[in-house]
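Everything below concerns the one structure shown next.
Bear in mind that the values in this text are calculations on the coordinates, not laboratory data. For clarity, every value in this text was computed on a predicted model and none was experimentally measured. All Cβ positions, glycine included, derive from the backbone under ideal geometry; neighbour counts span all protein chains shown.
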Amino acid sequence: MLVIKDLQASIEDKQILKGINLTVKPGEVHAIMGPNGSGKSTLSAVLTGNPAYTVTGGSVEFYGKDLLALSPEDRAHEGLFLSFQYPVEIPGVSMVNFMRTALNEKRKYFGQDPLSAADFLKLMREKRSIVQLDNKLASRAVNEGFSGGEKKRNEIFQMAMLEPKLSILDETDSGLDIDALRIVASGVNTLKSKENATIVITHYQRLLDYIKPDFVHVLYKGRIVMSAGPELALELEDKGYDWIKEQVDSQQ
Amino acid sequence: MKETEKPEKGNQIIEEAAQAEYKYGFVTDIETEVIPKGLDEDVVRRISALKGEPEWLLEFRLKAYRHWLTLKAPTWGHVHVPEIDYQAISYYAAPRQLKKGGVEDIDPELKKTFDKLGIPLEEQLRLSGMAVDAVMDSVSVKTTYRERLAELGVIFCSISEAVKDYPDLVRKYLGKVVPYTDNFYAALNSAVFSDGSFVYIPKGVRCPMELSTYFRINAAQTGQFERTLIVADDDAYVSYLEGCTAPMRDENQLHAAIVEIIVEDRAEVKYSTVQNWYPGDKDGKGGIYNLVTKRGLCRGDHSKLSWTQVETGSAITWKYPSCVLKGDHSVGEFYSVALTNNWQEADTGTKMIHLGKNSTSTIVSKGISAGHSQNSYRGMVKIAPKATGCRNFTQCDSLLLSDTSGAHTFPVIEVGNDTSVVEHEATTSKINEDQIFYCNQRGIPTEDAVGLIVNGYAKEVMAKLPMEFAVEAQKLLSISLEGSVG
């Protein structure tokens, strides 16, 4: 579904991604790991079309479409979802209003009529339970006054509502206690199917105990420098990143 | 945001903004009776004669006119009102029409106009149960539900009719809250005011429906000088709505209104405005000069006056709906959203004058500036030495949507005793790129995202509007912002 070829991107003229190659197929879970500043979050921002970044080379195909040519909202409609590392607060805008606008924009994109209020609320109730968000939380303003754990659960709730084909979870485990981590991970696992895929961006093995990856990639200095099966994550947990850094740096 | 990308996106959005239409900009082709341009004592006399007014009112007008001649237009506002040639304006324009009566008597063109504005004049069509006074140019076209309200003793009619039918009431209250000596525009209005609404709620009556006046400027090169007078007697309650639109014209048009409100013991008045006069085009050409004096007197103990305004229109807005809190334990409120785009200028706010003991006031002002516009909050909280135990809370927020717009705050606080408490909070922020991208990522395009974020920002004020108005006002905020992010 996703084919990334030699992707390069910069922010404020600083080159961050220096040639990423990655292919993701339906049903797969890919973990992208790597030390701080290696470009993990940049990759998720570039894929979803954050205007702060400039693509300087390479290509991305999403179900045969040129993803980079689409607006951020059309990428979302086509089925790309990002669970933000730092979900933003939008004061005064209720989750209900926000989600309803988002969902109906997607329906409009596919030529469908807006969902009726009753059907929408029913859907919200259903999806809310996946991450154990209570009724009050959903009627509050978007992320306003949410705890760290609530914000991340809210991201997965939105993912459940929008039913994306490819979800990118950017450091979803950061700032979560073990209980919240379990809830979030079980939410992600519930939503997993043969048709959709997940890219998990993380520092630590911890999240991968709950969300089992099929592939683990190590990102360093803007490139994927190592790819292997889930055993790589355990090895990294054990040995850290230094041995990879040394290996890469000595080759340069 | 990447600097090199910004201008391109900005330009495109500005282009779209230029195409965003002011949907009330049409002109009604209707025969209009206009008195020739210019202003002198004869014109004042002629307006009074056309309306068949009693001698005392003519005297009031003439005194106001003579006083106006001694005044100069105020220049302290953070707006640029060009020199207005008061001899180039016609002071009276009336759609040639109808004797007062049923809807069937109204010129179909007129009826169509108000239908287009979403203000059907057929009473049976009004599902919301709102009584409407429709004012086109200088005269009231039609007031609905009059008879039903009359059964309760509620008077709701045009001020011209009130002068004829209830001269004592009008005489008792007219000019008592806003005297003609108040300011330049108030003096002008007092001299030439043409029509407007009159509301009287008798003792102990809770008005069962929203009362609404809809102002429409149609004729070219005319000014609109309406005058509204609302009196809530002891223990009465009324919620009153005001809406306004005007055609798109290249020249500027003057709107100088007065609203006076008197609230007696334990009575309550809610006054809501959605101001959508034509703001001018994207280059700042045309648009209404909205120079308005609105003031209420909470005369009775435990009386309450609440102003809510959503200001999106007009090339220039200069208005400060205020409360004189004379009664002990009286309550004044001011909730405002003022949105300016392109080259609009708004200088708006309120005055809370605490004269009564234990009186309280709340001010919530939300300014939103886009394009090249200038948006100012100007407010005064004054607590008299004898008004002990008073409280004021002021919250004054500004949101900037562009690098070329301005937000300004001019608060004045005077506290005359040490048992009163005054709080003032203020914030200025710029619309957040991260919020917009978050919405984008969920599939919400930037235009809609901005509308959503701005409505969220203004929610506290919007929540004060009556239901029917709130929906319209929300849409209005989004429409007025079309293409304003850059």
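Provide the per-residue ³J(HN,Hα) series for region A:31-43, in order, calculated from phi with Karplus coefficients 6.51, -1.76, 1.60 and θ = phi - 60°, each as a whole number of Hz, with x at glycine and proline positions.
Ordered by residue, 3J(HN,Hα) equals 9, 10, 10, x, x, 4, x, 7, x, 4, 5, 4, 4 Hz.
For the residue pair A:Tyr63 and A:Ser147, what label-to-label distance in nm results when each label sits 7 Å from Cα along the Cα-to-beta-carbon direction?
For A:Tyr63 paired with A:Ser147, the spin-label model returns 3.8 nm.
Whole angstrom only: what separates the Cα centroid of region B:361-414 from the Cα centroid of region B:301-344?
Distance between centres, Cα-based: 11 Å.
For region A:25-184, what are the per-bin percents of Cα-Cα distances with bins 5 Å wide, up to the bin holding the maximum?
Percent of pairs per bin, in order: 1, 8, 16, 20, 21, 16, 11, 5, 1, 0.
Tell me, what HN-Hα J-couplings in whole Hz come from the Karplus equation 6.51 cos²θ - 1.76 cosθ + 1.60 at θ = phi - 60° for each residue of region B:311-319, using x for Gly and Pro?
10, 10, x, 6, 5, 10, 10, 9, 7
Arrange B:Thr388, B:Thr213, B:Thr317, B:Thr340 by Cβ neighbour counts within 10 Å, fewest through most, would you?
B:Thr388, B:Thr213, B:Thr317, B:Thr340
When B:Val177, B:Val471, A:Val184 are ordered from fewest to most other Cβ atoms inside 10 Å of their Cβ, what list results?
B:Val471, B:Val177, A:Val184
Exceeding 23 Å between C-alpha atoms, which entries from my cross-link table qualify? They are A:Lys18/A:Lys165; B:Lys366/B:Lys464; B:Lys51/B:Lys351; A:Lys127/B:Lys475.
A:Lys18/A:Lys165; B:Lys51/B:Lys351; A:Lys127/B:Lys475
For a quick check of your reading of the filter: which trypsin sites (Lys or Arg not before Pro) in region B:369-432 sit in a DSSP loop and have no more than 14 other Cβ atoms within 10 Å?
B:Lys386
Simple spin-label model, 7 Å along Cα-to-Cβ: A:Ser129 to B:His424 in nm?
Here the modelled spin labels are 5.4 nm apart.
For region B:283-356, state the semi-axes of the equivalent ellipsoid (square roots of 5 times the eigenvalues of the alpha-carbon gyration tensor), sorted largest first and rounded to whole angstrom.
That gives 31, 10, 7 Å for the three semi-axes.
Compute the acute angle (0 to 90°) between the alpha-carbon long axis of helix A:242-251 and the principal axis of greatest extent of the alpha-carbon atoms of chain A; round to the nearest 10°.
For A:242-251 against chain A, the angle is about 60 degrees.
Going by how many other beta carbons lie within 10 Å of each one, how would you line up A:Ile32, B:Ile353, fewest first?
Fewest-to-most ranking of A:Ile32, B:Ile353: B:Ile353, A:Ile32.
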